[in-house]
Amino acid sequence: MKLCRLAGLLAMAPLLVACGAADRLLGGPNDVGPQTPVVVVAPAPDGIRILARSPSVPLLLESVAVDGQGRLLVSSIHLAGVFRLDLDGTLTRFTNETDTRGVFGLVADRQRGHLWLTSANTPYDQIEGEGGSALIRLDLATGEVQAVYALPEAGHQLSDLALGPDGSVFVSDSVGGGIYMLSPGSGRLDHLVDAPERASPQGIVVSEDGRWLIFSNYGTGLHRVVVSTGAMQTVRLPEGRSIRGLDGLALDRDRIIAVHNGTPPGRIIALSLSPDWTEVRDMTMLFEGSPLSEPTTGFISGDNFVFVARSQWSDFGQDGQPTTAAPDPALVASINLSESRP
């Protein structure tokens, strides 16, 4: 998520482009997924595949997920909702118009039949008023709202989110600076930890055993949190390396796939973790450059990282209004991860 960008500093290993044939679009590494292979809808440079492109209208896409049938869902901040985005570019509203404000993060819990989203009123949506934010649970099949967990006060903007192995939901507050947790059966968001200085927490990943999480803080890099205590430490990087300007994160076995948009046009990076998640041992560039334009977040789908490759953030001004009535389409793309895995 971006409301203001800090200058990004990135020192990387040589470029490694992940190539390979298109795989099926799945909901996760253990999901059999839909039976129809994904069809690439437009030419793209080696190493990246365009799965779908939106109509040429202002949307401001932030996140992508899949529904119970493996169809793409995207979150629109500007149109304040979740939409199905078909591979032919057809856009269909999934949420009711009055159910949300601008929608930021999405994550599908296909095991439990839930779609989790974060929503906030900002100058970038088309809804009067300001302030307040919420984590919302929808029925993954119908889009019906099942529960709302609100932070009604001004000064909050819930953005990225991640699932724990027990169904816990972890959420970052990119404006208020906190990380929140919704435990199974709980009726409220519990504050877990505050990000350090220059606080703008973004993407989150949770360890497979639920003991730790790592979040990206836009101005300071990666931070590890012990979930049971809230103890936080900065994740160490290889000597001489520095990385800031990270947005979305996704867990790929023992490494993080990170979206970097601190400097245009953007890049996708693999960060190999130590067993205790206290350090990054290797940093590998997976893809950078066109057609990326302010990429944001994504998820792991089998051997692929599926993500918003062009979000349209560059087509909106600081006042929250689109700078053109017909921007270039937003793009959802995938990168094959199998060749870059250790």
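The values are calculated or read from the model by the stated rules, or taken from the named source; none is laboratory data. What you are looking at is a predicted structure, and each value in this text was computed from that prediction instead of being measured. Cβ atoms come from the backbone with ideal geometry, glycine included; neighbour counts cover every protein chain shown. Side chains included, ligands, DNA and RNA excluded: accessible areas come from the protein's heavy atoms. Shrake-Rupley method; radii C 1.70, N 1.55, O 1.52, S 1.80 Å.
Of the listed requirements (1) charged (D, E, K, R); (2) surrounded by fewer than 24 Cβ atoms within 10 Å (Cβ to Cβ); (3) under 19 Å from the mean Cα position of the chain (by Cα), ARG310 misses just one: (2). One residue is enough: does the range 68-76 have a residue meeting the conditions touching an Asp or Glu at 6+ places or on another chain (Cβ under 7 Å), buried (at least 22 other Cβ atoms within 10 Å of the Cβ) and of a type outside the set (D, E, K, R)? Checking the range 68-76: at least one residue is touching an Asp or Glu at 6+ places or on another chain (Cβ under 7 Å), buried (at least 22 other Cβ atoms within 10 Å of the Cβ) and of a type outside the set (D, E, K, R).
Selection of the range 323-341 for residues being of a type in the set (Val, Ile, Thr) and farther than 20 Å from GLY47 by Cα yields THR323, THR324. Across the range 88-103, the qualifying residues are those that are part of a strand (DSSP E or B) and more than 16 Å from VAL145 (Cα to Cα), and the one among them that is most open to solvent (accessible area, probe 1.4 Å) is THR92. Taken over the range 167-176, the criterion of being aliphatic (A, V, I, L, M) and either at pLDDT 95 or above or surrounded by fewer than 15 Cβ atoms within 10 Å (Cβ to Cβ) (or both) is satisfied by VAL169, VAL171. When ARG84, ARG24, ARG5 are checked against the criterion of being modelled with pLDDT of 95 or more and either open to solvent by 20 Å² or more (accessible area, probe 1.4 Å) or closer than 30 Å to HIS156 by Cβ (or both), a single residue qualifies: ARG84. Residues in the range 104-121 that are surrounded by fewer than 19 Cβ atoms within 10 Å (Cβ to Cβ), in a loop (DSSP other than H, G, I, E, B) and not basic (Lys, Arg): GLN111, GLY113. Here TRP277 passes the criteria (1) at pLDDT below 95; (2) in contact with a strand residue (DSSP E or B) (Cβ under 6 Å, 6 or more places away or on another chain) except the one numbered (1).
Consider the range 313-331 and keep the residues that are outside any helix (DSSP H, G or I) and acidic (Asp, Glu). The one that is surrounded by the fewest Cβ atoms within 10 Å (Cβ to Cβ) is ASP319.
GLY129 fails exactly one of the following numbered conditions: (1) at negative phi; (2) without any contact (Cβ under 8 Å) to a residue 40 or more places away in the chain. What is the number of that condition? Single failed check for GLY129: (1). Spot the failing condition for PRO152; the list is (1) modelled with pLDDT under 95; (2) under 22 Å from ARG236 (Cα atoms); (3) out of contact with any Ser or Thr (no Cβ under 6 Å at 6 or more places or on another chain), and only one is missed. The single condition PRO152 does not satisfy is (2). Across the range 264-275, the qualifying residues are those that are in contact (Cβ under 8 Å) with a residue 60 or more places away in the chain and open to solvent by 10 Å² or more (accessible area, probe 1.4 Å), and the one among them that is farthest from the chain's Cα centre (by Cα) is SER272. When VAL280 is tested against (1) surrounded by fewer than 20 Cβ atoms within 10 Å (Cβ to Cβ); (2) farther than 20 Å from SER174 by Cβ; (3) in contact with a Ser or Thr (Cβ under 9 Å, 6 or more places away or on another chain); (4) of a type outside the set (Gly, Ala, Ser), just one condition goes unmet, and that condition is (1). All of (1) at pLDDT 50 or above; (2) part of a loop (DSSP other than H, G, I, E, B); (3) among the hydroxyl-bearing types (Ser, Thr, Tyr) hold for THR36 with one exception: (1). The criterion of at least 3 residues that are open to solvent by 40 Å² or more (accessible area, probe 1.4 Å) is met by the following strands (runs of 3 or more DSSP E) wholly inside the range 177-263: 190-194, 232-234. Among the criteria (1) under 21 Å from SER272 (Cβ atoms); (2) at pLDDT 95 or above, the one SER340 does not fulfil is (2).
If a residue has to be on the phi > 0 side of the Ramachandran plot and either open to solvent by 10 Å² or more (accessible area, probe 1.4 Å) or not in a loop (DSSP other than H, G, I, E, B) (or both) to count, how many in the range 133-166 make the cut?
Residues of the range 133-166 on the phi > 0 side of the Ramachandran plot: 143, 155.
Narrowing further to those that are either open to solvent by 10 Å² or more (accessible area, probe 1.4 Å) or not in a loop (DSSP other than H, G, I, E, B) (or both): 155.
Here the count works out to 1.
Among the conditions (1) closer than 26 Å to LEU271 by Cα; (2) of a type in the set (Ser, Thr, Tyr); (3) free of Cβ contacts under 8 Å to residues at least 24 places away in the same chain, the only one that SER293 does not satisfy is (3).
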